[in-house]
Amino acid sequence: MAEAPEKYQQTGPKVKPRQKEEMVYTWPFLVSIEAIMAITMILAFALMATFVDAPLMDMANPDKTPNPAKAPWYFLGLQELLLHMDPALAGVIVPGAALVLLAMIPYIDRDRRGTGIWFSTKKGLPITIFSAIYTAVIEIALVLVDEVVRLPGMPEGSYRISATVTYLLEQTGLPTAAVSWVGSIFIPLVLMIGIPWVLAVIVKRRYQANTREVMIALYTFFFTSFIVLSAIGTFFRGESMHLVWPWELQPPQ
Amino acid sequence: MSLWARFKNTTLYKSIYRNEYPDTPRNQVLVILNSVVLHLHPVKVPRRAVRVSYTWGLGGLSLLMFLMLTVTGVWLMFYYVPAVPGAYESMKALDTDVIFGPFARNLHRWAAHGMVIAVWLHMTRVFYTGSYKPPREFNWVIGVVLFLITVLLSFTGYLLPWDQLAYWAIQVGSNMAKVTPVIGSYVQMALLDGYDIGPSTLVRWYTLHVILLPLACIALMAVHFWRIRKDGGISTPIPYDEDEEEQEELALAAGETNE
């Protein structure tokens, strides 16, 4: 017997054809929830504003650079990338591409099935967990490797994958200008495209993922990257942006 | 007749509230239709969509943060001077001389962080519930732009206190934008109004922060909310395809006979 086509293994509530949604009045069923949430949040923020002061340091002084100088926390993921690759790549191209790719999601995944259900399919949550672990492990490993890698013979004070690649290629007699892009642009690009690419291939093979499930894997990659890189930038980068433990961080002067 | 009941009978009260307290179906409909704030909602909503565990109220909380930031922001604007060193001095004055000054500044700061987080989590909720799927594609795009505007609002506000934290965070942030391929020097000029952060940068970012970006945000929020309704309201599971249902039953039946 021919194999039946792969079913859309939707999870959660199943709506029968022509079944009407059960509706409730907005007042009071929704309005009351909104009111409770709003009041709770206003109270929580008012309490925080009463007891926790917003930071205010000395007046800006262009001649006194703090070490480390850090961007606002939501940019620390990008600042983390900045340590490992060309600034144009980390600071402009990656965030720009991320926003464009995010906006493109609904134009790639056009299947309406799975709407309105957390993780859509039975495989959705396992794929999310797998993708999050995959992303976190690889990115933490790469950050650690990039912090310590250094070949004997390299110039004093130089380290990181990018510098090591440049050093190795220089041994072949190529000029520095010609080879430095390999480490700072080519390898980071290959990694940043390759890691999600391999993830998509794995979930397709291992979970027979459909388009929606591949999207879940890729969004999880993006979401986890943001959290992992921002957390490293916030809690693990100390003087001269070297890795430190959170309890060794000096509060900004 | 109590005083309150009598008041409710006056022309004044009736001119404000067109309907009785909403405890009958008719008035529960009218209260939504007659109120400018409540009419953003439909009269009825799907029962499954009002569960907190479905939306976590994140879209509404994003709006709430925006409102809190508007109120506290106006309070701060009364005292803030976008100049060097006036900006920093007004921060100091806010802490010592202004009633509710520290409270308003703290609330503004924490709500700003809260809004970035709320918008970010809202986007994540919408993604994982598949709520970007057709016909809601374009509202997702508007949402991505709103996320960008939220971050830009926070980032432009970050410079305004003109302390070391602000100055060097913006230095790091704008150095990233400076290296944009091809148009980097134009981006730098547009952002900083010069080669480095200075008094004219402060005026520029202040203007972006208090008028241009909030207006853009309000305009896009209006479209965002409007389109939620036009795209069919809050997302709910779509009915199963009948053919698929049939196939599934057939497959089940086949499986049973095989065993």
Residue with peak Gaussian network fluctuation, chain A [Cα springs, cutoff 10 Å], from A:T176, A:T40, A:T135
A:T40
Unit charges on C-beta of K, R, D, E only; dipole of the protein assembly as shown, Debye
1620
In whole Hz and in residue order, list the ³J(HN,Hα) couplings for region B:67-81 that follow from phi through the Karplus curve 6.51 cos²θ - 1.76 cosθ + 1.60, θ = phi - 60°; x for Gly and Pro.
5, 4, 5, 5, 5, 5, x, 5, 4, 5, 5, 4, 10, 7, 10
How big is the protein assembly as shown in terms of Cα radius of gyration and Dmax, in angstroms?
27.0, 101
What order do you get for B:H41, B:H113 when you list them from fewest to most C-beta neighbours inside 10 Å?
B:H113, B:H41
Loop chymotrypsin sites (Phe, Trp or Tyr not before Pro), region B:39-103 (other Cβ atoms within 10 Å of the site Cβ: 14 or fewer; DSSP)
B:F78, B:F100
Report the percentage of all Cα-Cα pairs in chain A whose separation exceeds 21 Å, rounded to a whole percent.
72
Which far-off residues, 5 or more places away or on another chain, put their amide H under 5 Å from the one on A:R237, with H placed in the peptide plane?
A:V244
Under a crude label model (7 Å from the Cα following the beta-carbon direction), how far is B:K230 from A:I193 in nanometres?
3.7
What FRET efficiency comes out for the pair B:F7/A:R18, r = Cβ-Cβ distance, R0 = 56 Å, nearest 0.05?
0.70
Under 5 Å between amide H atoms, partner at least 5 residues away or on a different chain: which partners does A:M23 have, H built in plane at 1.01 Å?
B:R47
Projected onto the charge dipole of the protein assembly as shown (+1 at Lys/Arg Cβ, -1 at Asp/Glu Cβ, origin at the Cα centre), which of A:M23, A:P188, B:A49 gives the Cα projection farthest towards the positive end?
A:M23
When the helix-only estimate is applied to the protein assembly as shown (DSSP H runs of n ≥ 4, each -39,500 (n - 2.57), divided by the residue count), what is the mean residue ellipticity at 222 nm, nearest 500 deg cm²/dmol?
-20000 deg cm²/dmol
Which of the pairs A:K122/A:K204; A:K204/B:K133; B:K133/B:K178; A:K122/B:K230 have their Cα atoms more than 25 Å apart in this structure?
B:K133/B:K178; A:K122/B:K230
Tabulate in residue order the Karplus-calculated ³J(HN,Hα) for region B:95-104, using 6.51 cos²θ - 1.76 cosθ + 1.60 with θ = phi - 60°, rounded to whole Hz; enter x for Gly and Pro.
6, 10, 9, 10, 5, 6, x, x, 4, 5
Nearest-ten-degree value, helix A:94-108 long axis tilted from longest Cα axis of chain A
20
Estimated FRET transfer efficiency (A:L99, A:I39; beta-carbon r; R0 51 Å; 0.05)
0.90
Got a sec? How would B:I218, B:I238 order by Cβ neighbour count within 10 Å, fewest to most?
B:I218, B:I238
Three principal axis extents, largest first, for the C-alpha atoms of chain B, in Å?
79, 72, 28
Taking θ as phi - 60°, what are the ³J(HN,Hα) couplings along region A:73-78 by the Karplus curve (6.51, -1.76, 1.60), each to the nearest whole Hz, with x for Gly and Pro?
4, 6, 9, 5, x, 5
Taking 2.2 N^0.38 Å as the expected size of a compact globular protein, what ratio does the Cα radius of gyration of region B:112-189 give against it, to two decimals?
1.39
Taking neighbour counts of Cβ atoms within 10 Å as a proxy for exposure, in what order, fewest first, do A:K70, A:K64 appear?
A:K64, A:K70
Any residue on another chain or 5+ positions along whose placed amide H is under 5 Å from the amide H of A:T121 is listed here as A:T11
Given R₀ = 51 Å, FRET efficiency for A:R150-A:L125 by Cβ-Cβ distance, to 0.05?
0.80
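Every number here is computed from the coordinates shown, using simple stated rules; none is lab data. What you see is a predicted model; the values in this text were computed from it and never measured. Backbone-built Cβ (ideal geometry, glycine too); neighbour counts: all protein chains shown.
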